[in-house]
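Since the structure comes first, as structure tokens, the remarks are kept for the end.
Quick note: the coordinates plus some simple rules give every number you see, no bench work behind them. Given the structure is predicted, the values throughout are model-derived calculations rather than measurements. As a convention, Cβ positions derive from the backbone with ideal geometry for all residues, glycine included, and neighbour counts pool all protein chains shown.
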Amino acid sequence: MYIIMNRAELEIIKEKALENHIPIIMDDTLEVISNELKQNKPHRILEIGAAVGYSAICFTEYLADGGIIETIERDADRIEEAKQNFIKAEVQDKVILHEGDAVEILPTLNEKFDMVFIDAAKGKYPFFLKEALRMLSDNGIIFADNILYKGYVMSDYNKHKQRTAVRNLREYIKETTENPNLETEILEVGDGLAISRLKK
Ligand code: SAH
Ligand code: MG
């Protein structure tokens, strides 16, 4: 049988990330994304926010043959751990890790992506959306994690210290739902997941 990844290692990577309070993708969110990708295998995935590489490793399972994931992380310790994890999980040939701030790295990327997973600084979601749309292929899909941010985004309570994040997540929802070229759903799985597809 063709080995897609080292699953035993993936479990260890997941447990360690949870122990260290790394905000990895939640199981129900991963399930929704997996179901989507199984039907429409992407050749190229762009991930914004790798952390220790857990979600990227999970997504490799759904890549088309020869497909690749490009992922971005700015935290030096997480970068080191992600690199080791890609090797442990035996997916290092399928993942390219860009080291640095996505705000600087995204404008340097120019290839098309079939799937974009936005999972980094919440205050930058509108910028990440703009960059994702610029690089999205015609049948592309964009997922944005943590879009409901512990319920803050849909509540009218506006005074907590995460105000900027909440304002920008609301802006992301507004832009994706009002964009005539997009079809957007907001799901209450995990910490909230926005799914946007380009209309045919
Ligand atoms: N996708 C990962 C979890 C990512 S957590 C998983 O599910 O396994 C969010 C990560 O985004 C953090 O590690 C944080 O350091 C990184 N991040 C936040 N803002 C960023 C930015 N502007 N550029 C690059 N990385 C960023
Ligand atoms: Mg997340």
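Karplus couplings for the stretch 185-200 from phi (6.51 cos²θ - 1.76 cosθ + 1.60, θ = phi - 60°), rounded to Hz, Gly and Pro as x?
Coupling constants for the stretch 185-200: 10, 10, 9, 8, 9, x, 9, x, 9, 9, 10, 10, 10, 6, 5, 6 Hz.
What does the extension gain come out to for residue 20 and residue 162, with contour length at 0.36 nm per residue minus their alpha carbon separation?
Stretched fully, the residue 20-residue 162 segment lengthens by 48.9 nm.
If you fit an axis through the alpha-carbon atoms of helix 7-19 and take the longest principal axis of the Cα set of the chain, what angle between them do you get, 0 to 90°, nearest 10?
50
Once you've got the Cα coordinates, tell me which of 41/94; 41/112; 14/124; 16/83 are over 18 Å apart.
The pairs that break the limit, which is 18 Å between Cα atoms, are 14/124.
Using modelled amide H (1.01 Å from N, peptide plane; none on Pro or chain starts), what sits under 5 Å from the amide H of residue 89, excluding residues fewer than 5 places away?
Amide H to amide H, under 5 Å and 5 or more residues apart or across chains, residue 89 pairs with nothing.
So what's the angle, to the nearest 10 degrees on a 0 to 90 scale, between helix 76-88 and the longest Cα principal axis of the chain?
Taking the Cα atoms of the chain, the angle to 76-88 is about 50 degrees.
Amide H neighbours of residue 43 under 5 Å, at least 5 residues apart or on other chains, H built in the peptide plane: list them.
64, 114
If I take R0 = 45 Å and measure r between the Cβ atoms of residue 108 and residue 36 in this structure, what FRET efficiency does the formula 1/(1 + (r/R0)^6) give, to the nearest 0.05?
Efficiency computed from Cβ-Cβ geometry: 0.95.
Give me a comma-separated list of calculated 3J(HN,Hα) values for the stretch 145-150, in order, Karplus coefficients 6.51, -1.76, 1.60 applied at θ = phi - 60°, integers in Hz, x for any Gly or Pro.
Here the 3J(HN,Hα) series is 7, 6, 5, 9, 5, 6 Hz.
Out of all DSSP beta bridges with both ends in the chain, state the antiparallel percent to the nearest 5.
Looking only at bridges with both residues in the chain, the antiparallel portion is about 35 percent.
Taking a point 7 angstrom from the Cα of residue 77 along the C-beta vector, which residues in the stretch 1-30 have backbone N less than 20 Å away?
Residues 12-25 fall inside that zone.
Mean residue ellipticity at 222 nm from the helices of the chain, using -39,500 (n - 2.57) per DSSP H segment of n ≥ 4 over the full residue count, to the nearest 500 deg cm²/dmol?
Only helices count here, giving -11500 deg cm²/dmol.
So for 176, 29, 184, 164, fewest C-beta neighbours within 10 Å to most, what's the order?
164, 184, 29, 176
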